[in-house]
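Below is one structure, written out as structure tokens; the observations come after it.
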């Protein structure tokens, strides 16, 4: 299953918006504003494809010269629990390292903390609420 960086505004990016809406936003009654999507022009956009269909995605946002933030990790329901999420994370880490970052942070949904811990991410601080759900700040050094 090919994993690759996709271009903002491309057909693949439109699939990414749709997947994130289906998995992350619509169930919470949320959507994206044009301003939200405009900000993503400077992000590294990553997708996994089954033929031409996007089945998983995430974004990397630069926070500093050494740290990026992993955001909007989503995997289609039918592709969950088969290793694709972990493959996406390993690929994102390689991409981040190649872009010069040495640390990845994220606001992880409480329900996903165990998944990220298995991949070496550590909880930093106390639980907080974001997009109506409990989250934890997590971090990993990717030297």
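The values are calculated or read from the model by the stated rules, or taken from the named source; none is laboratory data. The shown structure was predicted, so the numbers you read here are calculated from the model rather than taken from an experiment. Ideal geometry is used to build each Cβ from the backbone, glycine not excepted, and the neighbour counts take in all protein chains shown.
Residues in the range 89-100: is at least one more than 22 Å from residue 1 (Cβ to Cβ), surrounded by 15 or more Cβ atoms within 10 Å (Cβ to Cβ) and in contact with a strand residue (DSSP E or B) (Cβ under 7 Å, 6 or more places away or on another chain)? Within the range 89-100, none of the residues are more than 22 Å from residue 1 (Cβ to Cβ), surrounded by 15 or more Cβ atoms within 10 Å (Cβ to Cβ) and in contact with a strand residue (DSSP E or B) (Cβ under 7 Å, 6 or more places away or on another chain).
In this structure, does residue 75 turn out to be loosely packed, with under 14 Cβ neighbours inside 10 Å, within 26 Å of residue 37 (Cβ to Cβ) and in contact with a helix residue (DSSP H, G or I) (Cβ under 8 Å, 6 or more places away or on another chain)?
Answer is no for this residue.
In the range 92-113, how many are within 16 Å of the chain's Cα centre (by Cα), assigned to a helix (DSSP H, G or I) and more than 18 Å from residue 23 (Cβ to Cβ)? Selection size over the range 92-113: 5. Residue count for the range 49-61 under the criterion of being touching a residue at least 24 places away in the same chain (Cβ under 8 Å) and either surrounded by 20 or more Cβ atoms within 10 Å (Cβ to Cβ) or closer than 15 Å to residue 96 by Cβ (or both): the result is 6. Are any residues in the range 1-16 surrounded by fewer than 18 Cβ atoms within 10 Å (Cβ to Cβ) and either under 17 Å from residue 44 (Cα atoms) or modelled with pLDDT of 95 or more (or both), and if so, which ones? Of everything in the range 1-16, those that are surrounded by fewer than 18 Cβ atoms within 10 Å (Cβ to Cβ) and either under 17 Å from residue 44 (Cα atoms) or modelled with pLDDT of 95 or more (or both) turn out to be 2, 4, 5, 7, 8, 9, 10, 11, 14. Somewhere in the range 123-135, is a residue within 16 Å of the chain's Cα centre (by Cα), modelled with pLDDT of 95 or more, part of a strand (DSSP E or B) and farther than 20 Å from residue 30 by Cα? No, there is no match, as no residue in the range 123-135 is within 16 Å of the chain's Cα centre (by Cα), modelled with pLDDT of 95 or more, part of a strand (DSSP E or B) and farther than 20 Å from residue 30 by Cα.
For the range 20-41, the set of residues classified as within 18 Å of residue 80 (Cα to Cα) and under 15 Å from the mean Cα position of the chain (by Cα) consists of 20, 21, 22, 23, 24, 25, listed by residue number. Anything in the range 26-59 that is within 21 Å of residue 109 (Cα to Cα), assigned to a helix (DSSP H, G or I) and touching a strand residue (DSSP E or B) at 6+ places or on another chain (Cβ under 9 Å)? List them, or say none. Of everything in the range 26-59, those that are within 21 Å of residue 109 (Cα to Cα), assigned to a helix (DSSP H, G or I) and touching a strand residue (DSSP E or B) at 6+ places or on another chain (Cβ under 9 Å) turn out to be 28, 40.
Working only within the range 60-75, note down all residues that are outside any strand (DSSP E or B) and within 21 Å of residue 135 (Cα to Cα).
Scanning the range 60-75 gives a single hit, 63.
Exactly one residue out of 122, 140 is in contact with a strand residue (DSSP E or B) (Cβ under 7 Å, 6 or more places away or on another chain) and surrounded by 15 or more Cβ atoms within 10 Å (Cβ to Cβ), and it is 140.
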